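Reading through the structure tokens given below for one structure.
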Amino acid sequence: MGQPVTMLFCAGAVKAGTSWLYEYLRGHPETYMRSIKEMQFFNKLDEGALSARVKRMEKEIAAMEQELDSGKARFPIWVMEQIADRLDYIAVLKAADPVPDYLRYLTKGAAGKRLVGEMTPEYGLLPVARMRDLQGLAADVRWVFVMRDPVERLWSHVRMLVKRAAVAPEGFAAAGVAKFDDVLAGGALDVTARGDYAAIHGRLVQAVPADKRLVTTYEGMITPAGVARVTGFLGLSDHPAPLQKRVHAGIAVDMPDSLRQRARDWLKPQYAFVAATLGLPQDWESFPEFGSEVA
């Protein structure tokens, strides 16, 4: 077998299990995924922000080198692989014509594999024209779009942002509520956009042929049937999946009931969209007015 026959992109959503899917696919014997899960290539290219991506990579390399020097790295070989991948990727980002170098980067070392790709959830926000461009990067380009219960996804997204802000533990819950209030008040449009399933799905429908896109849910994906659906769509053989493993689980903070009700009301259009296109999964928030639920 020569070059991989399938190229994979992910349309998100953020905090909807894309890291779990990446780790599963990276461990599949028929795939080749670089150690950088989110390349952030095409969104940064369109923003004219590849140089900022270089700086981010350089900071990550410095932190990893410090981890190695201190002897605190639990898996030194894995850390060294990540450093090497980032150094290669920086060269891509600095290239005068980076797209061909990006393609070579994805496939370097992938001989004999069936699938390569990356999983940048922000690609779900790409314009339709750019998504169509990506369809021409290989003979077989496929997309996966993973959704999660909208209320749970938003609360997880907010907690991730609060964690990144290095809020002290004693103030974490209050900061989470404040950030959540900000989102519901329209003060964090990027968070809103990354959970707008209807808009993301609409762009995919316009840009990607129906047989080249898979829409699933996090809750349904981490089941034997869900994994089989993903591997079948990607043309891969069955491979055991760590169904009980959680990747990048956030700090556990319960959502206040009053906040949950507000979020539920605010996100009702997303539930309505999913109910109309897929049917609401049984373990999502229940909206009897949307009709019968599906597994």
Charge dipole of region 183-284 about the Cα centre (unit charges at C-beta), most positive-ward option of Ile222, Ala198, Gly279: Ala198
Proxy reagent accessibility, fewest Cβ within 10 Å first, across Met147, Met33, Met80, Met221: Met80, Met33, Met221, Met147
Local electrostatic count, Ala188, Cβ distance below 9 Å [Lys/Arg +1, Asp/Glu -1]: -1
Whole-percent pair-distance distribution, where bins are 5 Å wide, for the alpha carbons of region 151-199: 5, 23, 32, 23, 12, 5, 2, 0
Helix runs (DSSP H) in the chain reaching 20 Å along axis by Cα, Kyte-Doolittle at least -1.0: 50-70, 76-94, 150-164
Residue order, fewest to most beta carbons within 10 Å, for Leu267, Leu50: Leu50, Leu267
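Compute the relative contact order of the chain as a whole-number percentage, counting only Cα pairs closer than 8 Å that sit 6 or more residues apart in sequence. Before the final figure, lay out the partial values.
Details: 373 pairs, mean separation 81.4, N = 295.
Relative contact order, the chain: 28 percent.
Could you quote the convex hull projected area for the chain, Cα atoms only and averaged over all directions, in nm²?
Projected area, direction-averaged: 16.4 nm².
What list do you get for Ile61, Ile77 if you sort them by fewest beta carbons within 10 Å? It would help to have the intermediate numbers written out before the result.
Values: Ile61 17, Ile77 8.
Ranking Ile61, Ile77 by Cβ neighbours within 10 Å, fewest first, gives Ile77, Ile61.
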Given Lys94/Lys163; Lys59/Lys163; Lys15/Lys37; Lys59/Lys94; Lys179/Lys268, the pairs whose alpha carbons are separated by over 23 Å: Lys94/Lys163
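Each reported figure results from applying straightforward, stated rules to the coordinates on display, with no laboratory input. Keep in mind that this is a model prediction, so the values were computed, not measured. Heads up, the Cβs are rebuilt from the backbone with ideal geometry, glycines too, and the neighbour counts pull from every protein chain shown.
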